[in-house]
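Structure first, then comments.
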Amino acid sequence: MRSAGISIGSEMSGGVSNVTVENVTVWSSRRAVRIKTAVGRGGYVRHIMYRNLTFDDARVGIVIKTDYNEHPDMDFDKNAFPILENISFTGIHGQGVRVPVRIHGSEEIPVRNVTFRDMNVGITYKKKHIFQCAFVQGRVIGTIFPAPCENLDIYDEEERPVKLSTAQNVTDIDYGV
C-alpha cells in the first residue's frame with residue numbers, strides 16, 4: 001500500500017488556502033486524503049474543498065492529524081499553532097475503507113468548520129467508532145454513511161438544522177473571532 005493519495009502538510013509555516021481537489025480516485029492507499037500538522041508548524045490550512053472523490057481499498061479515507069510531531073530538531077517554536085478551518089468534503093464515495101474518517105484536532109489546534117455532504121463510503125472493518133473525531137467542529141448536510149461523530153451538527157438537504165452537537169470539546173474554546 002502506498003502512503004497517501006492526496007496530502008497537505010506537514011510543514012505549514014506559510015499556510016495553504018483556497019485549494020480545490022476534485023474528480024480523483026485513490027486506490028490501494030494507507031490514507032486517501034490526509035492533512036497533517038503539529039505544534040511548531042504555524043501557518044494555516046483553510047478554504048480547502050474536496051469534491052467527487054472515490055476511495056477504493058484504503059486503510060483510512062480522510063485523516064486530519066494535528067499531532068504530526070516530526071521536527072528536524074528541538075529548536076522549534078512551541079507556541080506556533082497552525083489554524084485548520086473551512087474544509088469541505090462533498091461527493092465522497094468508496095468501498096473497502098477500514099476507517100472512513102479520522103479527524104484528531106487538539107485543544108491547541110482545533111479543527112473548525114468542517115462540512116460533509118453526499119458521502120457514502122463502504123467499510124471493511126467494523127469498529128465501535130468508525131467516524132472518529134476529537135476537537136472538531138462542523139456539520140453534516142443531508143444523509144451520509146457511515147454515521148458522523150457527535151461533534152458535528154446535522155442539517156437536512158435544504159440546510160435546515162436537524163440536530164445540533166452537544167459535544168463541548170471545541171465549542172468552549174475562545175477562538176478570538
Note to self: Given the options Asn151, Asn113, name the one that is among the polar types (S, T, N, Q) and modelled with pLDDT under 90.
What the structure shows: Asn151
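Could you please find all residues in segment 109-118 being crowded, with 17+ Cβ neighbours inside 10 Å and in a strand (DSSP E or B)?
Val111, Arg112, Val114, Thr115, Phe116, Arg117
From the set of residues in segment 137-166 that are buried (at least 17 other Cβ atoms within 10 Å of the Cβ) and of a type in the set (Gly, Ala, Ser), which is nearest to Ile109 (Cα to Cα)?
Checked segment 137-166; the qualifying residue nearest to Ile109 (Cα to Cα) is Gly138.
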Next item on the list: Could you check Gly91 against (1) modelled with pLDDT under 90; (2) surrounded by 15 or more Cβ atoms within 10 Å (Cβ to Cβ) and say which number it fails?
Entry: (1)
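So that you can scan it fast, the table gives a plain yes or no per residue for (1) farther than 16 Å from Asn120 by Cβ; (2) of a type in the set (Phe, Trp, Tyr); (3) under 16 Å from the mean Cα position of the chain (by Cα):
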| position | (1), (2), (3) |
| --- | --- |
| Ile35 | yes, no, yes |
| Gly40 | yes, no, no |
| Thr66 | yes, no, yes |
| Ile83 | yes, no, yes |
| Ser88 | yes, no, yes |
| Val97 | no, no, yes |
| Val101 | no, no, yes |
Next item on the list: Might you check whether a residue that is surrounded by fewer than 21 Cβ atoms within 10 Å (Cβ to Cβ), at pLDDT below 95 and in contact with a Gly (Cβ under 8 Å, 6 or more places away or on another chain) occurs anywhere in segment 98-108?
Entry: no
Margin query: Here is a check on your reading of the model: is Ser106 under 14 Å from the mean Cα position of the chain (by Cα) and farther than 24 Å from Asp156 by Cα?
Written below: yes
Notebook entry, point to check: Taking segment 48-81, which residues are at pLDDT below 90 and of a type outside the set (D, E, K, R)?
Noted result: Thr66, Tyr68, Asn69, His71, Pro72, Met74, Phe76, Asn79, Ala80, Phe81
Checklist line | Ser165 at pLDDT 80 or above, closer than 24 Å to Ser3 by Cβ and not in a strand (DSSP E or B) | finding: no
Notebook entry, point to check: How many residues does segment 5-25 hold that are over 14 Å from the mean Cα position of the chain (by Cα), among the aliphatic types (A, V, I, L, M) and modelled with pLDDT under 95?
Noted result: 2
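The values are calculated or read from the model by the stated rules, or taken from the named source; none is laboratory data. Only a predicted model underlies this, so the values are computations on that prediction, with no experimental measurement involved. Cβ: placed from backbone, ideal geometry, glycine included. Neighbour counts: every protein chain shown.
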